[in-house]
1. Mean shadow of segment 110-212, computed from the convex hull of its alpha carbons, in nm²?
2. How large a share of the accessible area of the chain, in percent, is made up of carbon and sulfur atoms when the probe is 1.4 Å and the other protein chains stay in place?
3. Cα convex hull of the chain: mean projected area in nm², to one decimal?
4. Which net charge results when you count Lys and Arg as +1 and Asp and Glu as -1 among the other residues whose beta-carbon is under 15 Å from that of Lys126?
5. Using a Gaussian network for the chain with springs between C-alpha atoms less than 10 Å apart, which of these wobbles most: Lys215, Lys109, Lys272?
6. With axes computed from alpha carbons, what is the tilt in degrees of helix 45-61 against the longest principal axis of the chain, rounded to the nearest 10 within 0 to 90?
7. Could you give the accessible area per residue of segment 224-284, probe 1.4 Å, as a whole number in Å²?
8. Any idea of the accessible area per residue across segment 16-149, 1.4 Å probe, to the nearest Å²?
Amino acid sequence: MVIKNGERVSPKIGGTTMNNDSKTTSKLKEQIAKFSDSLSVNMKKPGQKFVRQIIFGIQASKDVKLSNIGRSLKEEIALIKTENRLARNLSKTDLTKELSTALLKRAGKRVGKETVLSLDLSDIRKEYAKSMEHLALVRDGSTGEVHSPGYWLCSVFGAEVKGEELIPLYQELYSQKADEFESENAQIIKAIEAVGESTAHQGIWTIDRGGDRGKLYEYLFAKGLDFCIRLNSKRDIVLKDRTENVLKAAQKCECKKEIPITINREGQEEKKTVFAGSEIVRLPSNQGKPLKMVVIKGFGEEPLMIITSLLDKQAEEILEIYLT
C-alpha cells in the first residue's frame, strides 16, 4: 500500500488498481473453472485440474508454451516443477476425443435450422520442426502452392447471420502421413457427421471453394443437409439442359439486384455495392437435384458464385449467409 494524503491507496497496474486486477483474475478463474469442469466432468480429479489449469494458462499467458502457462499459474513451487507436472499430464493420454465430445454436446444445443455452420480447412506450418511426428507438406488451397512442413486443420464454427457470437463446435489437427489418415474428403465428412450428431443435423453448411468437390456433394445430398458452397471457376454445371463452365455461365447471368455491403477486414471496414442474380442449375453428377446458383458481380474481378440447396432464399440472403 502507498500512503497519500493520509489515506491508503492501492498502486495502479495498467490503469487499474491491484485490488481490481485481483478481482478480474478471480472472476476469470471462476468462469474458466466452470467451463473446463463441464468439459472434463467424466475425468478424474487430477485430469480435471489439469484441463482447468491448461485452459486458464493459455488464456492468461496468450501462449501455448508450458513455461509461460506454468508462469501464469503463479504456484508457490519452482517453475520447473510446474512445467514437469504439466508435461507428464500431457504425455499420459490424448484428451482430444473426450474434450471435443463434451464441447459438442454443450455447444450443439445453440445450433438451429438457420445457424451458419462454417467449415474451414486451414493449416499450421512448422517450418523449423525436424522431429515432430507425421510432419507433412501443407499447401495453399486456393493457389495450390506448396509451403512448408506442418499439419492440416479442419474447424467448424457456428454463427447467426444477424448475431455477433461465434460457437466453437469442432476442430481437428491431422496429417496425410498418419497411419489412420484416409483422405481429405473423409476428414471433412467426419467433421460434418460429428457436428450433426450433436445438432440434430440442423444448420446451413457453408464452405469456401475448398468444399466444391463431388464426394462432398454426394454426402450432403444423401443426408439431406442444407448448404452454401462457393464454386470453383473450373466447375461444370448443367444450366437449361446444357452443360457448361460455371464461370462462363455466371458472366452471362443477369445481375440486376443492387446490394450494399460492408466488409470488415481485420478491423478495417470497406463499403461497396454489388449486383446479384441467380439461376436454377444442376450438377452433372446428379442432374435430378435442382440447386440454385447465386452470382454476385462487383465483389472481385471475377463473379462470386455460390451453389446452394436453399431454393426458397433470395440471392441477398444467400450472400449474407456466405459472408457470415
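The values are calculated or read from the model by the stated rules, or taken from the named source; none is laboratory data. Since we're looking at a predicted model, the values are computed, not measured. Here the Cβ positions follow ideal geometry from the backbone for every residue, glycine too, while neighbour counts run over all protein chains shown. Areas reflect the complete protein model, heavy atoms only, side chains present, ligands, DNA and RNA absent. Shrake-Rupley method; radii C 1.70, N 1.55, O 1.52, S 1.80 Å.
1. Numbers: hull surface 29.9 nm².
Computed as one quarter of the Cα hull surface, the answer is 7.5 nm².
2. Numbers: 9700 of 20150 Å².
Using a 1.4 Å probe with all protein chains present, the chain comes out at 48 percent carbon and sulfur.
3. Details: hull surface 90.2 nm².
Its average projected convex-hull area is 22.5 nm².
4. On the way: positive: Lys65, Arg125, Lys130, Arg139, Lys177; negative: Asp123, Glu127, Glu133.
Counting the neighbours of Lys126, the net charge comes to +2.
5. Judging by the Gaussian network model, the answer is Lys272.
6. Between the helix axis and the principal axis of the chain, the angle is about 80 degrees.
7. Working: 3850 Å² over 61 residues.
Result: 63 Å² per residue.
8. Numbers: 9270 Å² over 134 residues.
Accessible surface, normalised per residue, equals 69 Å².
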